[in-house]
Amino acid sequence: MRNLTTIAFLMATTSLASAASNESFVAQIGASNSAVVGQTNGNNKQATIQAGKKNTAITSQNNPSSPSKTNQSGIGQFGAHNNALVGQDGGNNTQGTLQVGVGNNAVTSQGGATGNKTNNSGTAQFGYKNDSLVGQNGGNNDSTTLQVGGKNASITGQQTNQHNSGKNDSTTAQFGWGNNAATSQNSAGSTDGSNGKKGGTGGDNTSGILQNGYGNTALVGQNSVGSGQTGNNGQGGNPKAGVDNNSGVVQFGGKNFASVSQDGQRKGVNTNLSNDSFVGQFGWYNQALVGQLGGNNTQGTLQFGAHNNAITGQSATDTGGTNGAFTLQGGYGNQALTSQTTTGSTGWFNSASGGDNSAATLQFGKGNKATTGQDASGIVVPGPFNIPFALGGVDNNALTLQVGKGNSALTAQSGGSLFPSSNNSAIAQFGGGNDAIVGQVNGGNVQGTLQAGYKNTAATGQTGSKSGLGTNASLTIQAGAKNSAVTSQSIANPLNVGVNGSLIAQFGANNKAIVGQSDTGLQPMIGANLQTTVQVGNGNSALTSQVASAAVSNTSVTAQFGSHNTAITVQK
């Protein structure tokens with residue numbers, strides 16, 4: 001064929017001591033196609049097929065003369081100006097590259113596989129000027145890349161080591177125009193020692209990215225590393241195992257951005273704990289950033305519409321509980337931020353574990369904002385003779401649902417308690433311009449806020465005793481327009497035993513209610529502040545302040561029906 005250029009360098013061992021051979025097949029149809037093949041030390045197999053014009057394929061394979069290891073490569077290119085570069089070293093490497101179109105580029109590099117570990121890579125590109133770069137080292141790596149359209153770019157880097165590592169599995173599929181995806185995964189273990197010493201194992205990393213549309217970008221980095229060793233015969237020591245990381249990103253629309261980073265380590269040679277994350281974005285200018293550390297973290301983000309933002313950060317240590325977060329946003333310009341932390345605490349003579357955090361944020365409409373921060377970590381308090389004493393973390397549960405326009409909700413929960421306890425919060429807002437702020441500390445606090453109407457505002461602050469013996473409960477229901485409710489309750493003294501209770505219900509317009517309740521008395525005295533405010537009508541206002549101590553109980557009830565009513569109650 002005229003203008004056909006074939007350059008084949010077949011470098012194979014011809015020594016009589018070598019029982020292995022190199023195999024190469026090159027077929028080219030068209031004009032100005034180029035193929036370069038270099039293979040050494042036997043057990044290398046490659047096939048290259050090119051049809052079109054000015055396609056280039058370069059294959060380099062090296063095998064350390066192991067009869068049980070092979071390098072295998074297949075390249076198929078159809079079109080014009082497609083380029084494929086393959087480098088494989090050390091055996092147990094398999095790769096396939098298929099490119100159809102114009103100006104596509106694929107680079108694959110694999111090596112370092114030990115024992116029975118393998119590196120496997122598959123790349124398929126259809127369209128115009130797609131770029132794919134895959135680098136895998138150490139074995140137990142599997143990568144699949146599929147790109148259809150134009151100017152898509154995918155970079156995948158995966159690595160393991162030879163000592164007790166896990167597996168890396170990456171899948172990237174991109175359809176459309178201008179999509180970018182980068183995946184980096186690492187799994188490494190710690191070496192075993194003499195006398196039966198066991199090293200910490202690395203976990204498995206699994207990543208999937210699906211993008212369709214315009215200008216989508218997804219970055220996923222997952223790391224699972226074991227460290228340390230047991231003592232002799234697998235006993236004692238300080239081994240830590242890497243947790244499994246599982247991530248899925250699905251993006252459709254335009255200019256979506258998703259970044260997921262997961263890392264985790266747990267005490268012991270092995271662990272079955274994991275970090276799990278899913279991000280789904282549909283629309284325009286959506287952004288999602290997720291970071292999870294330590295295992296026992298589960299997160300899901302689903303966004304519909306345009307200009308949505310979701311940030312989720314979760315951390316759980318060896319001494320902590322679990323974190324669970326779900327964010328669903330539909331509409332325009334929604335924002336959600338969720339941060340959860342759980343860890344234990346250590347005193348002089350005792351230790352305590354952290355609690356569990358659970359958060360769900362649902363937003364429908366336009367311009368909604370939700371911020372949820374939960375801690376659930378253990379704390380240290382002064383014990384007898386001021387000796388530091390560890391208290392366990394409480395469980396935090398938060399739910400925020402907003403439907404309408406311009407809603408805003410902020411929830412912050414924390415806690416450490418002597419006895420098992422929990423903070424529970426629920427905020428539901430319907431309408432436009434609603435605001436709700438809730439802060440709860442140290443467990444035993446229960447809060448519920450429901451707002452329906454226009455320009456409603458509710459703020460609830462509750463503080464429970466670090467001993468866990470005090471309970472605050474608050475319920476605020478507002479329906480109408482321009483309602484405002486503020487509730488503050490406190491049981492801060494560790495010697496306190498008591499209950500603060502508050503109920504505010506407002507129906508109508510321009511209603512205002514402010515309630516403040518404080519100390520409930522010294523142990524073993526039992527004090528209780530109870531307050532109820534019900535307003536129905538127009539322009540009502542109620543103010544209640546109660547302070548109790550030394551077994552004194554305050555009780556207040558305010559009910560107003562009509563318009564222009566005013567009530568003030570002060571008890572001490």
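A few remarks follow.
- Any hit, the range 164-186, residues being crowded, with 20+ Cβ neighbours inside 10 Å and in contact with a His (Cβ under 8 Å, 6 or more places away or on another chain): no
- Among residues of the range 310-344, those that are surrounded by fewer than 24 Cβ atoms within 10 Å (Cβ to Cβ) and either in contact with a Lys or Arg (Cβ under 8 Å, 6 or more places away or on another chain) or free of Cβ contacts under 8 Å to residues at least 24 places away in the same chain (or both), counted: 5
- Test: residue in the range 183-200 that is modelled with pLDDT of 95 or more and under 26 Å from His81 (Cα atoms): no
- Remark: Asp375 matches the filter, which requires a residue to be at pLDDT below 90 and charged (D, E, K, R).
- Checked against (1) in contact with a Gly (Cβ under 7 Å, 6 or more places away or on another chain); (2) more than 26 Å from Gly392 (Cβ to Cβ); (3) modelled with pLDDT of 95 or more, Gly300 meets all criteria but (1).
- Qualifying residues in the range 211-269 (those that are at pLDDT 90 or above, touching a Phe, Trp or Tyr at 6+ places or on another chain (Cβ under 7 Å) and not polar (S, T, N, Q)) - the one nearest to Tyr332 (Cα to Cα): Phe252
- Taking the range 335-431 as the region of interest, the strands (runs of 3 or more DSSP E) fully inside it that hold 1 or more residues being hydroxyl-bearing (Ser, Thr, Tyr) are 335-342, 357-366, 369-374, 395-405, 408-413.
- The range 272-283, residues that are surrounded by fewer than 23 Cβ atoms within 10 Å (Cβ to Cβ) and over 14 Å from the mean Cα position of the chain (by Cα): Asn272, Leu273, Phe282, Gly283
- Flag for Ser224 being under 19 Å from Thr312 (Cα atoms), among the small types (Gly, Ala, Ser) and crowded, with 23+ Cβ neighbours inside 10 Å: no
- Residue pairs whose Cβ atoms lie under 6 Å apart, separated by 6 or more positions or on different chains, with the first residue in the range 557-572 and more than 12 Å from Asn511 (Cβ to Cβ) and the second not in a strand (DSSP E or B), are Lys572/Val547.
- Only listed residue being more than 22 Å from the chain's Cα centre (by Cα) and either under 14 Å from Thr400 (Cα atoms) or not assigned by TED's automatic domain parsing to the domain that holds Phe252 (or both), chosen from Gly378, Gly355, Gly324: Gly378
- Complete set of residues in the range 257-292 that are within 21 Å of Gly321 (Cβ to Cβ), in a loop (DSSP other than H, G, I, E, B) and among the polar types (S, T, N, Q): Asn270, Thr271, Asn272
- Among the residues of the range 113-152, those that are among the small types (Gly, Ala, Ser), surrounded by fewer than 20 Cβ atoms within 10 Å (Cβ to Cβ) and modelled with pLDDT under 95 comprise Gly115, Gly150.
- For the range 537-547, the count of residues that are at pLDDT below 90 and under 25 Å from Gly439 (Cα atoms) is at least one.
- The range 76-170 holds strands (runs of 3 or more DSSP E) entirely within its bounds, and those carrying 2 or more residues that are farther than 20 Å from Asn245 by Cβ and more than 32 Å from the chain's Cα centre (by Cα) map to 83-89, 93-102, 119-128.
- Any chance Gly42 is modelled with pLDDT under 95, of a type outside the set (Lys, Arg), assigned to a loop (DSSP other than H, G, I, E, B) and out of contact with any Gly (no Cβ under 9 Å at 6 or more places or on another chain): yes
- Residue check for Asn63: touching an Asp or Glu at 6+ places or on another chain (Cβ under 9 Å) and either modelled with pLDDT under 95 or not assigned by TED's automatic domain parsing to the domain that holds Leu133 (or both): yes
- In summary, Gly253 fulfils each of the numbered conditions (1) on the phi < 0 side of the Ramachandran plot; (2) part of a strand (DSSP E or B) with the single exception of condition (1).
- Scanning the range 248-263 for residues that are more than 30 Å from Ser227 (Cβ to Cβ) and small (Gly, Ala, Ser) yields Gly253, Gly254.
- Residue list for the range 374-392, restricted to those being closer than 15 Å to Asn424 by Cβ and of a type outside the set (A, V, I, L, M, F, W, C): Gln374, Asp375
The values are calculated or read from the model by the stated rules, or taken from the named source; none is laboratory data. As the structure is a prediction and not an experimental result, all values here were calculated from the model. Glycine gets a Cβ as well: all are built from the backbone with ideal geometry, and neighbour counts include every protein chain shown.
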